[in-house]
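First the structure, in the form of structure tokens, and then the observations on it.
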Amino acid sequence: MINRNPQLDENGILQHLLTTEGLPASILLHILDTAESFVGVTERDVKKIPLLRGKSIFNLFFEPSTRTRTTFEIAAKRLSADVINLNIAVSAQSKGETLLDTVDNLSAMNADMFVVRHSQSGAAHLIANHVRSDVHVINAGDGSHAHPTQALLDMFTIRHYKKDFRNLSVAIIGDILHSRVARSQIHALTTLGVPEVRVIAPKTLLPKMVERLGVHVYHDMSKGLKNIDVLMMLRLQNERMQGANLPSAEEYFKYYGLTSEKLSLARRNAIVMHPGPMNRGVEIDSAVADGKQSVILPQVTFGIAVRMAVMSILAGNQA
Amino acid sequence: MQLPDAEILFKDLAKKIKNDCDKNVALIGIHTGGVWLAERLHQELEIAQPLGTLDVSFYRDDFEKIGLHSEVKRSTIPFEVEGAHIILVDDVLNTGRTIRAAINELFDYGRPSRISLATLVDRGGRELPITAQYTGIELTLPADKILVLKREKSGKLSLDLYDKNLPE
């Protein structure tokens, strides 16, 4: 087949997790169902199972991250894998080694899996195409392209609180333009059959032709939040802003910051999500972030089970 | 080949356990057939402790070969494992590998005082030093056949035999 999805082998079996785009609902649901069982493991006194004993998992973080790297590390350790964290920003690359040379060297140390975060879109894809067929790659965020495990843990959280995807209205709010999380969320939501996905943002923070992803575009919170069941907030990515996307953070908060008043426009039992790290008082008010509709901390907890599921499914899918 | 009636085997099995154990024993069914059996035993024997279930997929020794394909159910053990007398319940005992995995998983919950094993059918073929304390029947079956327990909508249990290489 031409243009085969690079994440799947010729039998449609998942070998790498690079993006939620183009993955069938059956694979997404298999990950969510498996994660459900791992939640059971993470609630025990002994939170470790022997599934990936003897496997070596390399966390390759070319971009700083605390939460994502830590949750991948905890997930791998709970599966009994050996985890090696490489903070590449301060090691080989700064000495001039290329990305693929770094990967080759680590492969020679018998790596079984790479978890990759990189500021360049497509970095994880490049590595997946390069490694031996028995090595698996997980994209932990590449540029503004994709962050599939975040999207999957968001789907897990939504299903946990709302049970079914097929009657939901979901709004993704904030800096869609720079957000790999938003792209991965949109693909996952539409694949899982969410009938109404909205993006709410100023024009300057929306990618061109975002409607083509199957979302409805709103620029006004008071209209966009009507009848919404799930609010997925995004972080305002100051570090990725070039030029004048916004007048100021205060101005942004006034129009798009989630306050209790704005939240009251959504459905009464709506849940509020945020991938972190939060800018309190910029995209979300503390009263909402810490309020009873917030599921932001459960997202973090579920993230471990979801990453355990992804790692163990990939490790079990030997080509 | 004529297979025995699972309902009759169930009654025999329940009687054997009843004659031997008090009601303080705890039952754990192994997914999927073992859970059906354990649910029935739990009712029949009026066990006081809530019923536990185990899905041993995360502890299997053939993960490297077969991976995680089928749906993994969540294990739930709603009682204190530490110090408990537990009867593991499975539908068919063959190689013993499932029971090895179940015992390993159980010890991640605590240290039971004793673990016994109840199975509806012991078909031999053991590859590990494991034996059942309570057995409905011992059957010798060709190695290329798979014996499975089925449950009808009414809850009635029955046994079925498949060729290993054919899809169910």
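Since every read-out is calculated from the coordinates, none of them should be taken as a lab result. Source: prediction; values computed, not measured. Cβ placement follows ideal geometry from the backbone for every residue including glycine, while neighbour counts extend to all protein chains displayed.
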What is the spread of the Cα atoms of the range B:1-82 along each of their three principal axes, largest first, in whole Å? 43, 42, 17
What number comes out for the charge environment of residue B:14, summing +1 per Lys or Arg and -1 per Asp or Glu over other residues with Cβ under 9 Å away? +3
Inter-chain Cβ neighbour average for residues B:76-82, partner chain, 10 Å: 1
Mean residue ellipticity (222 nm) of the protein assembly as shown, computed from DSSP H runs ≥ 4 via -39,500 (n - 2.57), nearest 500: -9500 deg cm²/dmol
Could you work out how far the C-alpha centroid of the range B:1-70 sits from that of the range A:27-74, in angstrom? 30 Å
What distance in nm separates the simple spin-label points at residue B:133 and residue B:23, each placed 7 Å from Cα in the Cβ direction? 2.0 nm
If you average the sequence gap of Cα pairs under 8 Å that are 6 or more apart and divide by the length of chain B, what percent do you get for the contact order? 23 percent
Let me know the mean shielding of A:27-39 by other chains, meaning the per-residue number of their Cβ atoms within 10 Å of its Cβ. 3
How big, on average over all directions, is the shadow cast by the Cα convex hull of the range A:61-137, in nm²? 5.1 nm²
Chain lengthening between residue B:140 and residue B:65 when straightened (0.36 nm per residue, less Cα-Cα): 24.3 nm
Stokes-Einstein D (µm²/s) once Rh is taken as the Kirkwood radius of the range A:1-78 over alpha-carbon pairs, at 10 °C in 1.306 mPa s: 106 µm²/s
What are the lysines whose alpha-carbon lies under 30 Å from the alpha-carbon of residue B:153, with same-chain residues fewer than 8 places away excluded? A:162, A:163, B:11, B:15, B:16, B:18, B:23, B:73, B:145, B:164
Volume per residue of the C-alpha convex hull in the protein assembly as shown, rounded to whole Å³: 175 Å³
Counting only backbone N atoms under 11 Å from a point 7 Å out along Cα-to-Cβ of residue B:16, the residues of the range B:55-86 in range are none
Between residue B:158 and residue A:66, the two model label points (7 Å from Cα along the beta-carbon direction) sit apart by a distance in nm of 6.1 nm
Radius ratio Rg over Rh of chain B, counting only Cα atoms, Kirkwood formula for Rh: 0.94
How well do other chains shield peptide A:50-59, expressed as the mean number of their Cβ atoms within 10 Å of each residue Cβ? 2
Using the C-alpha gyration tensor of the range A:183-310, what are the square roots of 5 times its eigenvalues, in whole angstrom, with the largest one first? 21, 19, 17
